[in-house]
Amino acid sequence: GGGCATYEMIWLHALAVGYSPAYLAENADGIRRDWPRIPLPDTRKALEASAALGRQVAALLDTEADVPGVTTGDLEPIIRTVGVLTKVGGGNLNPDAADLAVTAGWGHAGKEGVTMPAKGRIVRRPYGKDELDALRNAAEARGLSLSKVIALLGAETCDVYLNEKAYWKNIPANVWEFYIGGYQVIKKWLSYREEKLLGRALKAEEAREVTGMARRLTRIVLLQPTLDANYQLAAKHAYAWPKHSRGDS
């Protein structure tokens, strides 16, 4: 078929399934033992649909790949409100005046030069009106209830501070607490950028990387119901492997 080789589709399907919370919950034991099993759909059409989802996840995870509506083009309202670099009290931040120095205590040097994550400073709060309007828009666009979207992203949001002057506004709780490979993604990034470890303040484009990460992770979290439905369909209609593949009688 066109578009994508079968071997590539299988890897992309595995990625889509691996980011389904329902799959992770139901297969926690196999994953812990490093022996997860991925159900293979029994039709090419279903495999192609799952691979297309996997391709979305792959693009969101690849910080070098632009994602329309998330990092480029006409940004979805929910995305525009997430991770906005903000000055305390309003106004503009000046990177040349060290306004973007990370000094809120996100990391410190451990033994033998190992960077150790630290507590930092976040302020948890309810969503503001504009943020709730954006959540409502995201719910309508996906055919979900507002309460479902809030359950996905978290009941409250976080303002994540670089220092006493600057913070990333509105990183939903479940985006802030998103783990990949055993690490809390945004917090891990910040731990290496503490001014005492980095030796300088952040550049503007580096501060925008956190905004980008938060927005990519927000889109992944909002994809979770679709990823769950995709996994459940594959599990229900899984390819039945031949039982006697070696000529056994």
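The values are calculated or read from the model by the stated rules, or taken from the named source; none is laboratory data. What you see is a predicted model, and the numbers here were worked out from it, not measured in a lab. Please note: Cβ atoms are built from the backbone with ideal geometry, for glycine as well, and neighbour counts cover all protein chains shown. Protein only, heavy atoms only, side chains kept; ligands, DNA and RNA dropped before computing areas. Shrake-Rupley method; radii C 1.70, N 1.55, O 1.52, S 1.80 Å.
Observations, loosely collected:
- Inter-residue pairs, beta-carbon under 6 Å, first more than 14 Å from Val149 (Cα to Cα) and touching a residue at least 40 places away in the same chain (Cβ under 8 Å) and in segment 119-138, second open to solvent by 50 Å² or more (accessible area, probe 1.4 Å) and outside any strand (DSSP E or B), 6+ apart: Arg124/Glu156
- Selection over segment 146-190 of residues that are over 17 Å from the mean Cα position of the chain (by Cα) and under 14 Å from Leu223 (Cα atoms) gives a count of 1.
- In segment 152-168, the residue that is farthest from Ala101 (Cα to Cα) out of those that are surrounded by fewer than 21 Cβ atoms within 10 Å (Cβ to Cβ) and touching a Pro at 6+ places or on another chain (Cβ under 8 Å) is Gly154.
- Within segment 181-236, tally of residues that are within 27 Å of Arg32 (Cβ to Cβ), surrounded by fewer than 21 Cβ atoms within 10 Å (Cβ to Cβ) and among the β-branched types (Val, Ile, Thr): 4
- Ala141, sole failed condition from (1) at pLDDT 95 or above; (2) closer than 14 Å to Ala214 by Cβ; (3) open to solvent by 10 Å² or more (accessible area, probe 1.4 Å): (2)
- When each of Ile171, Ile78 is tested for being part of a helix (DSSP H, G or I), surrounded by 20 or more Cβ atoms within 10 Å (Cβ to Cβ) and either in contact with a Lys or Arg (Cβ under 8 Å, 6 or more places away or on another chain) or not basic (Lys, Arg) (or both), the lone residue that passes is Ile78.
- Qualifying residue in segment 160-169 (condition: of a type in the set (A, V, I, L, M, F, W, C) and under 30 Å from Ala229 (Cα atoms)): no
- Of the residues making up segment 62-75, those that are touching a residue at least 40 places away in the same chain (Cβ under 8 Å) and either crowded, with 16+ Cβ neighbours inside 10 Å or in a strand (DSSP E or B) (or both) number 3.
- Qualifying residue in segment 103-113 (condition: open to solvent by 20 Å² or more (accessible area, probe 1.4 Å), touching a strand residue (DSSP E or B) at 6+ places or on another chain (Cβ under 9 Å) and not in a loop (DSSP other than H, G, I, E, B)): yes
- Looking only at residues in segment 89-102 that are assigned to a loop (DSSP other than H, G, I, E, B) and out of contact with any Asp or Glu (no Cβ under 7 Å at 6 or more places or on another chain), the one that is nearest to Val175 (Cα to Cα) is Leu100.
- Taken over segment 96-125, the residue count meeting the criterion of being at pLDDT 95 or above and either under 24 Å from Leu197 (Cα atoms) or in contact with a helix residue (DSSP H, G or I) (Cβ under 9 Å, 6 or more places away or on another chain) (or both) is 13.
- Checking each residue in segment 15-41 for being modelled with pLDDT of 90 or more, open to solvent by less than 30 Å² (accessible area, probe 1.4 Å) and either over 15 Å from Asn230 (Cβ atoms) or assigned to a helix (DSSP H, G or I) (or both) picks out Ala16, Val17, Gly18, Ala22, Tyr23.
- For Ala201, the stated conditions do not hold, so it cannot be described as of a type in the set (A, V, I, L, M), more than 15 Å from the chain's Cα centre (by Cα) and at pLDDT below 95.
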